[in-house]
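K.L.:
Below is one structure. I have some questions about it.
The values are calculated or read from the model by the stated rules, or taken from the named source; none is laboratory data. What you see is a predicted model; the values in this text were computed from it and never measured. Cβ: placed from backbone, ideal geometry, glycine included. Neighbour counts: every protein chain shown.
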Amino acid sequence: MYDDVLVPTDGSDTITETLAHAIPIAADNDATVHALYVVDSRITAAAGEENSSAIERSLEADGREAIDTVEERATDAGLETASEIRKGTPSKILLDYADERGIDLIVIGTKGKSPREKVTSLGSVSERVVDNASVPVFVVRDVDSSD
């Protein structure tokens, strides 16, 4: 049913719970696990010209670590992996990647937000992906979302 499962990661602790769901789904289907990290161009743009390069390098290093975590767990489960770091607006890049790579399922983590937090942050990446994806999206709420 699923040949290619996308597991986007932002390097946060939510990936542990997300992988607890994504890996068994991928294993049951002998699917390739795609790990994707997006360097948020809005962050680098807000940093200003003099700081943007250093911040981008730092985010790319964080991205490599985040992707390594996904790859390691998938490989340990005997699954094939594909990984990439891209730059741009996270929800748009995730959706573009899914379309380009023929992804069958997106498994994405989210932290629970209060209605007030949702208003101030204008929604979340996971909400935008759910609203706009052309494939099924499995949203995993972090069990320790009390932060």
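K.L.:
Applying the selection to the range 16-41, what residues are surrounded by fewer than 18 Cβ atoms within 10 Å (Cβ to Cβ), touching a strand residue (DSSP E or B) at 6+ places or on another chain (Cβ under 6 Å) and more than 28 Å from S58 (Cβ to Cβ)?
P.N.:
Passing the criteria: only H21.
K.L.:
Taking the range 42-63, which residues are surrounded by 13 or more Cβ atoms within 10 Å (Cβ to Cβ) and charged (D, E, K, R)?
P.N.:
E56, E60, D62, listed by residue number.
K.L.:
Next question, about the same structure. Among the numbered conditions (1) under 19 Å from V135 (Cβ atoms); (2) touching a strand residue (DSSP E or B) at 6+ places or on another chain (Cβ under 7 Å); (3) not basic (K, R), tell me where I67 comes up short.
P.N.:
That leaves (1) as the condition not met.
K.L.:
I'd like to know if the range 80-91 contains one or more residues that are free of Cβ contacts under 8 Å to residues at least 40 places away in the same chain and surrounded by fewer than 21 Cβ atoms within 10 Å (Cβ to Cβ).
P.N.:
No, the range 80-91 contains no residue that is free of Cβ contacts under 8 Å to residues at least 40 places away in the same chain and surrounded by fewer than 21 Cβ atoms within 10 Å (Cβ to Cβ).
For (1) among the charged types (D, E, K, R); (2) assigned to a helix (DSSP H, G or I); (3) over 26 Å from A20 (Cα atoms); (4) modelled with pLDDT of 95 or more, each residue gets a yes or a no:
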position	(1), (2), (3), (4)
V38	no, no, no, yes
A45	no, yes, yes, no
I85	no, no, no, yes
R116	yes, yes, yes, no
